[in-house]
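Peer 1: Dropping a structure here in structure tokens format, bear with me for questions.
The values are calculated or read from the model by the stated rules, or taken from the named source; none is laboratory data. These figures come from a predicted structure and were not determined experimentally. When we count neighbours, we look across all protein chains shown, and the Cβ atoms used for this are built from the backbone with ideal geometry, even at glycine. To get the accessible areas, we keep the full protein, side chains included, count just its heavy atoms, and leave off ligands, DNA and RNA. Shrake-Rupley method; radii C 1.70, N 1.55, O 1.52, S 1.80 Å.
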Amino acid sequence: CRDSNGELHEFDSSWRNADCYDCSCSRSGIDCCSSFATPVDYDKKKCVSIFNKETCTYKVVEKDDHSKECPVHGWVG
């Protein structure tokens, strides 16, 4: 299988790509799905979600003070 970056992968192999998606290669092609949950239910006026590619996680913090986390009531992914 050749991924979107042109890299070749063996059949029946799996990997996590640079965008934090878990991918696998089979004879029918490549399948990828997100390895992370995305916050959807939080105060979007007061807070902002920030994605960390190193840990493949979101953190939701106050827009005016990134040291203060905001409560999240719903996630998808």
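Peer 1: Between the DSSP loop rule and a limit of at most 13 other Cβ atoms within 10 Å, which chymotrypsin sites (Phe, Trp or Tyr not before Pro) in segment 1-46 are left?
Peer 2: Passing sites in segment 1-46 are Phe11.
Peer 1: For segment 30-77, which whole-number percentage of the solvent-accessible area (1.4 Å probe, protein heavy atoms only) is attributable to carbon and sulfur atoms?
Peer 2: C and S atoms contribute 49 percent here.
Peer 1: Ok, one more. Leaving out ligands and nucleic acids, and using a 1.4 Å probe, what accessible area per residue does the chain come to in Å²?
Peer 2: Heavy-atom SASA per residue in the chain reads 73 Å².
Peer 1: Moving on to the next point. Please report the accessible area of Ile30 (heavy atoms, 1.4 Å probe, ligands and nucleic acids excluded) in Å², nearest 10.
Peer 2: Counting only protein heavy atoms, the figure is 60 Å².
Peer 1: Continuing with the same structure: Modelling each spin label as a point 7 Å along the Cα-to-Cβ direction, I'd like the Cys56/Cys32 distance in nm, to one decimal.
Peer 2: With each label point 7 Å from Cα toward Cβ, the separation is 1.2 nm.
Peer 1: Between Ser24 and Lys63, with labels modelled 7 Å along Cα→Cβ, what's the label distance in nm to one decimal, could you check?
Peer 2: For the pair Ser24/Lys63, the computed spacing is 4.1 nm.
Peer 1: Build a GNM of the chain with springs between Cα atoms under 10 Å: which of Ser34, Ser24, Ser13 gets the top mean-square fluctuation?
Peer 2: It is Ser13.
Peer 1: Let me ask you something else. For the chain, with only Lys/Arg (+1) and Asp/Glu (-1) charged at the beta-carbon, what is the dipole magnitude about the Cα centre, in debye rounded to 20?
Peer 2: 260 debye
Peer 1: Can you sort Asp22, Asp64 by 1.4 Å-probe accessible area, starting with the largest?
Peer 2: Correct descending sequence by accessible area is Asp64, Asp22.
Peer 1: Which order do you get for His66, His9, His73 if you rank them by accessible area with a 1.4 Å probe, largest at the top? It would help to have the intermediate numbers written out before the result.
Peer 2: Working: His66 105, His9 35, His73 140 Å².
If we order His66, His9, His73 from most to least accessible, we get His73, His66, His9.
Peer 1: Using all C-alpha to C-alpha distances in the chain, build P(r) with 10 Å bins and read off the rounded percent in each one.
Peer 2: 18, 36, 23, 16, 6
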